[in-house]
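What follows is a single structure, written as structure tokens, with notes after it.
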Amino acid sequence: MKVLIIGSGGREHAIAWKVRQNKTVSKLYCAPGNAGIAEYAECVAISATDLLGLADFAQNEKIDLTIVGMDDPLVGGVVDVFEERGLRIFGPSKNAAILEGSKAFSKDLMKKYAIPTAAYETFDQPSEALKYLASCEYPIVLKADGLALGKGVLICNSYDEAVKGVKAIMEDKQFGSAGDRLVIEEFMTGREVSVLAFCDGTHIIPMTSAQDHKRAKDQDQGLNTGGMGTFSPSPFYTDDVDQFCKKYIYQSTIDAMKAEGRDFVGILFVGLMLTEKGPKVLEYNARFGDPEAQVILPRMKNDLVEICEACIDGKLDQVNLMFEDNAAVCVILASEGYPEHYEKGFAIRGLEHFQNKEDYFVFHAGTKFIGQEVVTNGGRVIGVTATGNTLIDARRKAYEATTWVHYDNKYMRTDIGKAIEE
Ligand code: AMP
Ligand code: GLY
């Protein structure tokens, strides 16, 4: 069969690596892809947001299955465009991807269906938001309603900071139209865990847990980023937490979406905060996490293509999802200055060290070829993943592998997964 992956990050590289293990896949394409993905797939120069261009390509090449990695095309309705043309595609339709596309929608859904989450209010007018903020306790959390590359969340420690935040989001439109509406949310404390789940509209099967490190610098300092490193499983995601989430969060979310006429097919990413009062939903995403995929997929025993097909066909209940009894750690190698200003175009050396090593993976994010040479082409450049018998073992190996890769302005956090040793 012929498969197309949409996206160009480390997540899509991990998906491509996994899809390649399916022996019935005779041809794999990725749009637009990157230098690492090119090892597994033919990269085609179509932007991930050119929905009609993607559908034309899939139609012309007779693609049997398309897997969407990124949020933008999903929220934009790529699944609807493909399905209208009778093309098989894995991901939520536009009216279900809104769970990620609008924080106001997802908060209202949780409230309506009593799914545990932080208290909140939604505002369309900056003046109303400011009035409300005058009566709040601090810290408080401001969230741009729409997609903002994982950066549209501001934690404000004082009224003055919040005033600046409202101005940045709603008036200066720092995150574009994502800031037309604002969600103001109660600040929660606790450990964060990401749980991703396969969904077929009716059934939901959670995968193993993972934990991301969103801030740019060690000890969770610096700005929020797309994610600087992950580990899986999370030792903080205990059996009790799992039972609670299965009972009150995962199935409830899918049932709620069904009740709203928005059947969710694809990957539901639940960002959880484990608070003193129990697990609460921080956010939903409608796709694999990046870099969560880079630690989850290397641990997954099942064939990814078969699961995607089962989800599309509404037969997820027939899948027995299994993970290796091991651990994985991913450290992101970024460009110094990310997520703000950084230079790119530097030659990357040392990638050959990863060849023929079963428990070390190099997943490219922002890379491209210039001639035969792989060069840096983004803020997050490469994710280095290692698996091991334990988290400590995997962490030691992942950091060992970071020393194999060289380029000018290489930057990484040195404390990914450190919490597991404390
Ligand atoms: P989100 O995109 O909603 O996951 O937010 C990005 C990050 O901001 C999260 O991973 C948390 O670290 C932080 N955050 C979001 N909402 C809250 C909240 N209500 N309380 C504390 N931290 C939050
Ligand atoms: N790593 C967080 C995300 O993919 O949104």
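The values are calculated or read from the model by the stated rules, or taken from the named source; none is laboratory data. Since the structure is predicted, the reported quantities are computational estimates derived from the model, not experimental observations. Cβ: placed from backbone, ideal geometry, glycine included. Neighbour counts: every protein chain shown.
Could you say whether any residue in segment 239-248 is part of a loop (DSSP other than H, G, I, E, B) and within 21 Å of THR117 (Cβ to Cβ)?
For segment 239-248, residues part of a loop (DSSP other than H, G, I, E, B) and within 21 Å of THR117 (Cβ to Cβ): absent.
Select from segment 336-355 the residues that are within 17 Å of GLY371 (Cα to Cα), in contact with a Ser or Thr (Cβ under 7 Å, 6 or more places away or on another chain) and not charged (D, E, K, R) and list them in ascending order.
Listed by number, the residues that qualify are GLY345, PHE346, ILE348.
When you scan segment 205-248, how many residues do you find that are over 23 Å from ILE416 (Cα atoms), surrounded by fewer than 23 Cβ atoms within 10 Å (Cβ to Cβ), out of contact with any Leu (no Cβ under 6 Å at 6 or more places or on another chain) and of a type in the set (A, V, I, L, M, F, W, C)?
Counting residues in segment 205-248 that are over 23 Å from ILE416 (Cα atoms), surrounded by fewer than 23 Cβ atoms within 10 Å (Cβ to Cβ), out of contact with any Leu (no Cβ under 6 Å at 6 or more places or on another chain) and of a type in the set (A, V, I, L, M, F, W, C) gives 1.
Considering VAL163, VAL141, which residue is over 22 Å from ILE296 (Cβ atoms), more than 21 Å from the chain's Cα centre (by Cα) and at pLDDT 95 or above?
VAL163
Quick check on segment 23-56: of everything there that is out of contact with any strand residue (DSSP E or B) (no Cβ under 8 Å at 6 or more places or on another chain) and polar (S, T, N, Q), which residue is farthest from GLY379 (Cα to Cα)?
Top of the filtered list is THR24.
Does segment 145-154 include one or more residues that are more than 19 Å from the chain's Cα centre (by Cα) and surrounded by fewer than 18 Cβ atoms within 10 Å (Cβ to Cβ)?
No, that holds for no residue.
Going residue by residue through segment 297-313, is there one that turns out to be in contact with a Gly (Cβ under 7 Å, 6 or more places away or on another chain), modelled with pLDDT of 95 or more and among the β-branched types (Val, Ile, Thr)?
Among the residues of segment 297-313, not one is in contact with a Gly (Cβ under 7 Å, 6 or more places away or on another chain), modelled with pLDDT of 95 or more and among the β-branched types (Val, Ile, Thr), which makes the answer no.
Collect the residues in segment 202-238 that are part of a strand (DSSP E or B) and hydroxyl-bearing (Ser, Thr, Tyr), keeping them in residue-number order.
THR208, SER209, THR230, SER232 - these are the residues of segment 202-238 that are part of a strand (DSSP E or B) and hydroxyl-bearing (Ser, Thr, Tyr).
Would you confirm whether or not segment 262-272 contains a residue that is farther than 20 Å from VAL68 by Cα, in contact (Cβ under 8 Å) with a residue 24 or more places away in the chain and away from ligand 2 (no atom under 14 Å from the Cβ)?
no
Taking segment 51-71 on its own, how many of its residues are charged (D, E, K, R), surrounded by fewer than 19 Cβ atoms within 10 Å (Cβ to Cβ) and either in a helix (DSSP H, G or I) or in contact with an Asp or Glu (Cβ under 9 Å, 6 or more places away or on another chain) (or both)?
Total meeting the criteria: 1.
Given the criteria more than 16 Å from ligand 2 (Cβ to nearest atom), of a type outside the set (Lys, Arg) and closer than 30 Å to SER106 by Cα, does GLY345 qualify?
So GLY345 does not fit the description; no.
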